[in-house]
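This report refers to the structure that appears directly beneath it.
The values are calculated or read from the model by the stated rules, or taken from the named source; none is laboratory data. Here the structure is a predicted model, which is why all the values come from computation and not from measurement. Positions of Cβ are generated from backbone atoms using ideal geometry, with glycine treated the same way; all protein chains shown enter the neighbour counts.
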């Protein structure tokens, strides 16, 4: 038996090669996670880049900070897939991984020569992991899946109609699920030598979430139609409050212990008990406090309004109180030590053409495995020549290959 | 070499046993995903259940639809970990997996006898995957991480202050990342025989997302302070609209092709070009349309307001148009074939004590691997006796074990 956390010199996914043909968030974020775990991820783009190459946010020179972050640690190959030479090079690139499995990851609508049927003829043990918008292969993006999946109708105050979350939550969750697919398929390959086609639909990711949280069952068994409810926590007590210095704080009291600590810190025990008794509310359970949430917030609101955020923080020194300040992205960087080099996940990294900024490694910390640096994105096509040369050791890069390297 | 999609009789994660000690969403959703892929997941709870056992939504009998969905396909063991017998049984349960690795998954603050240091003395190749709120091990939940991570300030109209997304996005994303951790650590175990302690902080999941999308780099390199911007898509054109029958639709035009299709379907080409020329706007690129988004929405709004959702759908027959109706959870079930038994992900399943409702399998479809049925949640403690009996073949269940089976 080994000793715990036996150090290993190789990164977690050493030896796994993935060809990524992708755009936007979902598959690129999956490729990023795989690269951050040590896989050799080769992103293939058409000459000049795919539709996400100039996606916002941009820097002052018009270069994409989005692309530069989502493609870190990958190699970049440009191929003109409209030419037969480019297509042949792509097939060869996908199918020639050795000694590990050949993994092809895509969220684009590939068919013909890049379909699983065609590629697996060339490489019978191919692993192809493919994301579509809908299960029928139809197009959908995070925004058009999100509107279909119920959540915008219960987000925000309800006064302005449905509210989209701005976080591309479905794309990120689909990306993390694609990583699971690659790892499970590789596990099966290692056990049996067999490849396979694994598919995932973005809409299924969203609809499974709505089902798994019980929201669809709530409709089917209770006929519930949930309404938007501001920043109230659902099912227990929690709400957001403005402070005297125009900041905001989120306060959560799920357990009795958290609730007792909140009452102690605010000194509102007597007041709230009296008000609850007068109005026929109880405050002695999670469900009762959820029912009394407006009353509780009515009592807490002036307490926060009379204090600055710093005064709230001082009053909430008890670790039993579950709360936090709202911060915009600039405030995260300025105020939160978790968003600074004090957190080993973040490293100040120089990105050629962009300067230095705080950059994230994988959030996973493996006791026995080395963590890679956050890495930087390749220049578009930076590895076209070197990658294709390995495919065709006796010839020059083919006519279908971009040669801007 | 094998043939493509060679069928295999075992589910994807056959042979992997995971002991889950958890509550709420993140770790339970990870255990659910693992169980849905065929792992043997044993959830351990204190007698009577953990803090999520009665979490909303509930059915008419007060039973949790949330718990019943997030714990499907698992076995349930009740153990009183305040007793030394219960604690010893828990240690034995975690450390005795054979022939696969011993995997302990938790999002609770375990220490002492259940720490990695203690458990790995009993099982040197233990894999322990542990989620905390903050990197220092401090408590945080989705709501108190979300307020710290910048997104509420850019969600909604901005008129009411920060807007929480209601989707527990960080919990679900952390859950999917925990599954990655289990799979990567198992991969390492199979290669080397070594276990390890893998840790993840919920706040790191959120802050890595803000970094990986370029939002933190945007602050650091451009000094940007993004504002809430309603339902506008960021960086290209997209917005939501009310229809004549009080429904809403989301419309997205990222590419030139999508934009051209939208203009064709609405017939607004001439009108919009004239208005744009008059106001000095251009409409011929993604970035230009983002800059002109209010103008574009001003032109589109009356078009939608004059049509019912069905009329919009008829006008948007062109598949090049990227759009979708907003649906609440009831409308998803009533209207969307993707949220019905027509989608193989969903299966009408009878849940003892709850009746039948549409239940989700894993959204991943493996060509070579069988898909499990969605499964049902165990009764709390349903497997206490049988699981403990396997640990202690010569004795009765210990005094620390609940015996409500």
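Of all the numbered requirements in (1) over 26 Å from residue B:159 (Cβ atoms); (2) surrounded by fewer than 18 Cβ atoms within 10 Å (Cβ to Cβ); (3) modelled with pLDDT of 95 or more; (4) touching a helix residue (DSSP H, G or I) at 6+ places or on another chain (Cβ under 6 Å), residue A:272 misses one, and that requirement is (2). Could you identify the single residue in A:109, A:174 that is closer than 30 Å to residue B:169 by Cα, surrounded by fewer than 23 Cβ atoms within 10 Å (Cβ to Cβ) and touching a strand residue (DSSP E or B) at 6+ places or on another chain (Cβ under 8 Å)? Exactly one of A:109, A:174 is closer than 30 Å to residue B:169 by Cα, surrounded by fewer than 23 Cβ atoms within 10 Å (Cβ to Cβ) and touching a strand residue (DSSP E or B) at 6+ places or on another chain (Cβ under 8 Å), namely A:109.
Scanning the range B:188-216 for residues that are more than 26 Å from residue B:143 (Cβ to Cβ), free of Cβ contacts under 8 Å to residues at least 24 places away in the same chain and within 7 Å of another protein chain (Cβ to nearest Cβ) returns B:188, B:192. Quick check: anything in the range A:84-92 in a helix (DSSP H, G or I), within 20 Å of residue A:178 (Cα to Cα) and within 30 Å of the chain's Cα centre (by Cα)? No, the range A:84-92 has no match at all. Within the range A:37-49, the set of residues being touching a helix residue (DSSP H, G or I) at 6+ places or on another chain (Cβ under 7 Å) and surrounded by fewer than 24 Cβ atoms within 10 Å (Cβ to Cβ) comprises just one member, A:42. Just one of the numbered conditions (1) touching a strand residue (DSSP E or B) at 6+ places or on another chain (Cβ under 7 Å); (2) loosely packed, with under 14 Cβ neighbours inside 10 Å is not true of residue A:344: (1). Residue A:246 meets each of the listed conditions (1) touching a helix residue (DSSP H, G or I) at 6+ places or on another chain (Cβ under 7 Å); (2) closer than 25 Å to residue A:228 by Cα apart from (1).
Conditions tested, residue by residue: (1) within 19 Å of residue B:147 (Cα to Cα); (2) surrounded by fewer than 18 Cβ atoms within 10 Å (Cβ to Cβ).
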residue: A:287; (1), (2): no, yes
residue: A:308; (1), (2): yes, yes
residue: A:321; (1), (2): yes, no
residue: A:327; (1), (2): yes, no
residue: A:336; (1), (2): yes, no
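Just one of the listed residues (A:218, A:204, A:239) is closer than 30 Å to residue A:133 by Cα and touching a helix residue (DSSP H, G or I) at 6+ places or on another chain (Cβ under 7 Å), and it is A:218. Can you find a residue in the range B:168-184 that is at pLDDT 95 or above, farther than 22 Å from residue B:141 by Cβ, facing chain A (nearest Cβ under 7 Å) and outside any strand (DSSP E or B)? For the range B:168-184, residues at pLDDT 95 or above, farther than 22 Å from residue B:141 by Cβ, facing chain A (nearest Cβ under 7 Å) and outside any strand (DSSP E or B): present. Identify the residue in the range A:14-36 that is farther than 21 Å from residue A:168 by Cα and in contact with a helix residue (DSSP H, G or I) (Cβ under 6 Å, 6 or more places away or on another chain) and, among all such residues, is nearest to the other protein chains (Cβ to nearest Cβ). Filtering the range A:14-36 for residues that are farther than 21 Å from residue A:168 by Cα and in contact with a helix residue (DSSP H, G or I) (Cβ under 6 Å, 6 or more places away or on another chain), the one nearest to the other protein chains (Cβ to nearest Cβ) comes out as A:18. Scanning the range B:217-258 for residues that are without any contact (Cβ under 8 Å) to a residue 40 or more places away in the chain, assigned to a helix (DSSP H, G or I) and either in contact with a strand residue (DSSP E or B) (Cβ under 9 Å, 6 or more places away or on another chain) or facing chain A (nearest Cβ under 7 Å) (or both) yields B:217, B:218, B:219, B:220, B:221, B:222. Of the set (1) crowded, with 21+ Cβ neighbours inside 10 Å; (2) at pLDDT below 95, all apply to residue B:126 but (2).
The residues on offer are A:73, A:100, and the sole one that is touching a residue at least 60 places away in the same chain (Cβ under 8 Å), within 22 Å of residue A:353 (Cα to Cα) and touching a strand residue (DSSP E or B) at 6+ places or on another chain (Cβ under 8 Å) is A:73.
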